[in-house]
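Novice: Dumping the structure here so I can ask a few things about it.
The values are calculated or read from the model by the stated rules, or taken from the named source; none is laboratory data. Computed from a prediction, not measured in an experiment: that's the story for all the values here. In this analysis, Cβ positions are derived from the backbone assuming ideal geometry, glycine residues included, and neighbour counts consider all displayed protein chains.
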Amino acid sequence: MQTPTLEIRIRSLILWAIMCVYSIIIFIIGVFVYPLPAIKRHKVIITWTWLFNFCARNICNVQYNVIGKENIMKTPAIIASNHQSMWETLCFSQIFPQHVWILKKSLLKIPFFGWALKISAPIGIDRSTGNNAMKEVLKEGLDRFKQGFWIMAFPEGTRIAPKTRKKYKSGTARLAILLDAPILPVAHNAGYCYPKSGLWLYPGTITVKICPPILRSSDDVTLLTAELESCINSELDKLGA
């Protein structure tokens, strides 16, 4: 576990002070753009992520390098990534086409940040509802695809530390089968620069590896989930993450 230096603490606190102020600003702007179609108001709300990436790069010296951009297709797909921190949730907006996140509904209750996030049309789920949560994901996922969004999913279901492995949930595969959509597997090591808990961002370069898309060959959810898990974990092993 890394120990933040005084400089890292100060730089990180400056970043979060800026983001807190902008959260209030973007929520106010979001109220005014709410009547617009979801795809348009989403473009306004995700300026929060662009500012975060700018601050992470220029204040905290967190850079990133992308391998495999040629694997990003032109038609909508489901982006499936390992989940180590909040970095990928935010900064993937600068790498992939316009997409919405599958996330916990509780995040949408956070003052200003969560309220603004809700305006961007994410797919919010309440895992305590069991099968009903999956039905809601499938219903809303179909709606977002029709609106022109890609969908970002984290099959592990939660953030986990680098070099830790967790069995993938089947929701991503189910959604891909329902939408008849390809899955774009992504592996990264963001957890070394921005651990899964805490406020501190550590300087370094994050590597993002975009793998060739997985095209479903059957409606076997178990096989598709296993293929996705094997693909991402293999790339994580290469990254030492």
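Novice: Among (1) surrounded by fewer than 17 Cβ atoms within 10 Å (Cβ to Cβ); (2) not in a loop (DSSP other than H, G, I, E, B), which single condition is LYS167 missing?
Specialist: (2)
Novice: Would you check if GLN84 is closer than 25 Å to PRO212 by Cβ, surrounded by fewer than 16 Cβ atoms within 10 Å (Cβ to Cβ) and not hydroxyl-bearing (Ser, Thr, Tyr)?
Specialist: No.
Novice: Against the condition in a loop (DSSP other than H, G, I, E, B) and out of contact with any Ser or Thr (no Cβ under 8 Å at 6 or more places or on another chain), how does ALA181 come out, does it pass?
Specialist: It is true that ALA181 is in a loop (DSSP other than H, G, I, E, B) and out of contact with any Ser or Thr (no Cβ under 8 Å at 6 or more places or on another chain).
Novice: Go through the range 35-76 residue by residue and tally those that are at pLDDT below 95 and crowded, with 16+ Cβ neighbours inside 10 Å.
Specialist: The qualifying residues number 9.
Novice: Scan the range 139-163 for residues that are assigned to a helix (DSSP H, G or I) and surrounded by 17 or more Cβ atoms within 10 Å (Cβ to Cβ) and jot them down.
Specialist: If the condition is that a residue be assigned to a helix (DSSP H, G or I) and surrounded by 17 or more Cβ atoms within 10 Å (Cβ to Cβ), then GLU140, GLY141, ARG144, PHE145 are the ones that fit.
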